[in-house]
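The values are calculated or read from the model by the stated rules, or taken from the named source; none is laboratory data. Since the model is a prediction, treat every value here as computed from it, not as a measurement. Glycine gets a Cβ as well: all are built from the backbone with ideal geometry, and neighbour counts include every protein chain shown.
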Amino acid sequence: MKKNLLTVALLVSFFQSKAQLTTVAPGAVMTVRPGTLVYNGGGLKTVGDGKVDNYGNFMIVGGATTDKFETFQANGTSPKLNGGNFNLLYDNATATSPYGQLYITNLRQADITAIVDKQYRATANGTFQQMALPFYNKRLSGTYVSADNATESSTLSFDLGTTGFSNLRNTNSIGYWENQRVLMHNIPNTSTTTLTKAAADIQTVLYNNAARYYAVGAANWNPAVLHTIKGVPFSDNNNPSGTLLSTANPLNYTLRGAGYTLSGSVYSPIAYGVGTGNNNNGVYNEQYKTYLQDAFAITDGAGFYNGLAGAESGNFGRNMYQFGNPFLTNIDLSRVGYDEDGAGTGDDGNAITSIRGIRYESLGVVTSNLGATSSTQYKYVTYDTSGIPAGDFEGAVIKPMQAFVIKLRNNTADQNIIFNSLRRFASTTRAASTPYSLTAAKNGNTLKQLRIIGLDTNGDEVMRTYYVVGANLSTGRLNDVKLQAAAFSGALSTREELPSGAEDTVANGLYWLYINEANEIDYLGKKIRMNADLAQITSFKFELAEDAVALSDGQSTFVNGNNSFYIEQTPGTYTQISHNQIVPATAVNSGLYYGLPNSGTLATNETIIKDDGLVIAFEKQSNSHQVIFPKSWNKATVSIFDVAGRKIFTQKDIFTKNNFVLPLSQNGAYLIECESEKGVKVVKKVIK
């Protein structure tokens with residue numbers, strides 16, 4: 001059965017084609033709107049200038065061995081390889097724009113010959129762009145002339161507007177990551193080179209691997225500018241000549257032996273410390289630490305990577321796997337660490353039981369004079385031993401052409417990541433299959449997470465940091481930490497703690513923390529120091545979650561444990577933290593607490609400093625909010641902040657014997673900060 005689209009333009013809000021060949025004929029334009037799903041059961045082909053402009057979600061699901069995905073010239077028989085017929089487009093020019101996605105399943109690689117045009121725009125990583133290149137047999141560079149009768153698809157250098165790539169390990173070369181030996185290989189640049197393995201790569205199975213992690217030199221192109229990259233998509237069927245069903249041979253990777261050499265049946269750690277002062281470690285005579293960052297391992301204590309000679313005995317860089325999204329569809333990594341449905345694999349087909357964390361969205365990639373690359377900022381999701389995520393779990397949806405890293409705790413048993421079932425059109429992570437309810441939370445220990453986001457004067461994020469507690473987590477600098485990740489930015493971070501509640505000054509000379517964990521029982525009511533750069537950060541936004549489920553707006557108390565987080569910006573004064581709360585940033589060094597300390601003053605919207613304390617009342621007759629100061633205050637400073645943390649009003653030396661009328665001219669929510677002449681500070685929220 002065949003279905004021909006012959007109309008000049010077809011705007012699609014819903015389209016379904018089952019068990020048939022869909023043909024987009026010459027002159028036809030099929031436009032798929034954002035948020036729309038098109039299901040094509042069977043084959044799909046375009047002819048001539050017929051095209052699909054996809055701003056939404058498009059599924060091609062094969063059902064027979066004759067089903068194919070093809071693009072033809074106007075004669076209907078010759079392959080059309082210059083693209084322009086199946087386009088994955090951004091809806092607008094913003095950084096958060098919706099984008100077209102393509103889901104292909106049950107088609108073998110030989111049955112996919114269509115050229116797909118994928119628009120690409122991303123935050124520039126620096127001298128190298130870390131990315132996936134999900135195009136089968138894509139040629140790197142060489143002469144290319146675009147024409148309908150072209151005998152090949154465009155080269156990567158042509159798509160990016162460059163003249164080619166370098167054979168040298170510099171900012172105009174292309175590298176890809178070999179997980180086993182912890183090496184970035186340079187791909188030789190010739191007119192016939194495709195995305196194949198480098199000569200030094202001992203893993204032959206990586207030939208044209210769809211899930212490779214690439215570092216593309218950005219010396220002559222700008223990733224932040226819109227580019228269109230063309231090529232043949234990868235099949236999700238790992239057996240090109242076998243069964244049609246992709247579920248029988250899904251695209252998967254065995255996580256085994258990263259950072260180790262195998263002798264017989266015994267894995268031995270690769271010696272990172274060869275040479276003087278850890279120089280000349282790899283086959284390319286580069287130090288591992290110059291282009292490999294392992295924020296997980298450096299918080300372990302033992303095996304912290306340093307510049308001393310001798311073999312590195314720790315876990316730095318080992319059991320670490322760098323990948324790229326192999327598909328033109330989002331993949332959701334948020335729940336890969338545990339078995340949600342009890343069937344052994346989880347709802348997403350994955351249960352990586354030894355997972356420690358994932359890393360994604362690198363910013364600030366820099367290059368040394370030897371060509372080694374490193375990144376200065378990432379986002380992290382870490383997992384406890386039961387697989388529950390913490391950290392940036394909402395962002396664990398990896399976009400097409402985006403790269404990511406998986407870190408395991410050990411190499412004791414093979415783990416597998418199956419990419420097929422991780423695909424997801426939605427831009428947000430899915431909920432766990434087990435319902436989150438009050439009863440469920442009370443029946444066991446949970447992870448309580450505090451996310452602190454530092455905002456600038458415009459209300460934009462500068463940096464974030466985390467404090468996570470749980471009954472099974474570790475306090476202090478121990479080898480069995482489960483969730484911690486080091487910080488690579490000084491704008492906002494926390495410091496390692498001692499079990500006594502003091503700061504671990506030894507650890508803090510080695511690393512600062514992006515995600516800090518502590519045991520909720522033995523560290524209840526004890527201080528975690530948070531450091532903020534107030535030249536960049538003017539306010540803090542707090543977000544709370546329990547077992548990776550956000551609390552309700554304004555909620556402070558966790559279901560399991562019946563405790564809350566607190567912040568101490570003024571010594572001895574503690575403000576209870578609620579979900580989505582914003583407070584002014586007034587201290588370089590603040591204290592974070594899970595559970596109220598035994599001593600000090602509680603300052604919250606519900607509790608005043610003293611019995612005759614400060615209150616803000618609404619006076620109906622004058623239609624105004626007024627501050628009523630404590631009797632013990634003589635003078636005060638009142639500051640008003642909007643919800644973005646911007647200071648919009650300040651008045652000093654206010655006489656406190658009279659009420660102070662707040663100058664709130666516009667409707668909205670405000671934070672009112674009142675400080676006495678003795679430095680006692682109270683922050684309250686007002687909604688006008």
Collect the residues in the stretch 660-677 that are of a type outside the set (A, V, I, L, M), without any contact (Cβ under 8 Å) to a residue 40 or more places away in the chain and farther than 21 Å from Tyr566 by Cβ, keeping them in residue-number order.
Phe660, Pro663, Ser665, Gln666, Asn667, Gly668, Tyr670
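In the stretch 480-498, how many are at pLDDT 90 or above and surrounded by fewer than 17 Cβ atoms within 10 Å (Cβ to Cβ)?
1
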List pairs: first residue in the stretch 67-90 and in the same structural domain as Thr36 (by TED's automatic domain parsing) and among the basic types (Lys, Arg), second residue in a loop (DSSP other than H, G, I, E, B) and at pLDDT 95 or above anywhere in the structure, Cβ distance under 7 angstrom, at least six positions apart or on different chains.
Lys80/Gln73
Quick one: count up the residues across the stretch 208-236 that are more than 21 Å from the chain's Cα centre (by Cα) and closer than 22 Å to Lys68 by Cα.
10
Which numbered condition Tyr466 fails, given (1) within 11 Å of Ala518 (Cβ to Cβ); (2) buried (at least 23 other Cβ atoms within 10 Å of the Cβ)
(1)
From Ile582, Ile609, Ile528, Ile537, which residue is modelled with pLDDT of 85 or more, outside any strand (DSSP E or B) and not aromatic (Phe, Trp, Tyr)?
Ile537
Reported set for the stretch 426-454 where residues are farther than 30 Å from Thr36 by Cβ, among the hydrophobic types (A, V, I, L, M, F, W, C), surrounded by fewer than 21 Cβ atoms within 10 Å (Cβ to Cβ) and at pLDDT 50 or above is Ile453
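Regarding Tyr176, is this residue in contact (Cβ under 8 Å) with a residue 12 or more places away in the chain and surrounded by fewer than 23 Cβ atoms within 10 Å (Cβ to Cβ)? Talk me through it step by step, then tell me what you get.
Values: in contact (Cβ under 8 Å) with a residue 12 or more places away in the chain: yes; surrounded by fewer than 23 Cβ atoms within 10 Å (Cβ to Cβ): no.
So Tyr176 does not fit the description; no.
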State which residue is farthest from Leu226 (Cα to Cα) when the search covers only the stretch 113-125 and only residues that are part of a strand (DSSP E or B) and either in contact with a Gly (Cβ under 9 Å, 6 or more places away or on another chain) or in the same structural domain as Asn325 (by TED's automatic domain parsing) (or both).
Val116
Mind counting the residues in the stretch 652-683 that are farther than 25 Å from His579 by Cα, exposed (fewer than 13 other Cβ atoms within 10 Å of the Cβ) and of a type in the set (S, T, N, Q)?
2
Provide a single number: the residues in the stretch 499-518 that are farther than 16 Å from Tyr467 by Cα and surrounded by 19 or more Cβ atoms within 10 Å (Cβ to Cβ).
1
Residue among Ala93, Ala74 that alone is of a type in the set (A, V, I, L, M) and farther than 22 Å from Tyr120 by Cα:
Ala74
Among the residues of the stretch 619-639, what is the count of those that are surrounded by 12 or more Cβ atoms within 10 Å (Cβ to Cβ) and not in a loop (DSSP other than H, G, I, E, B)?
10
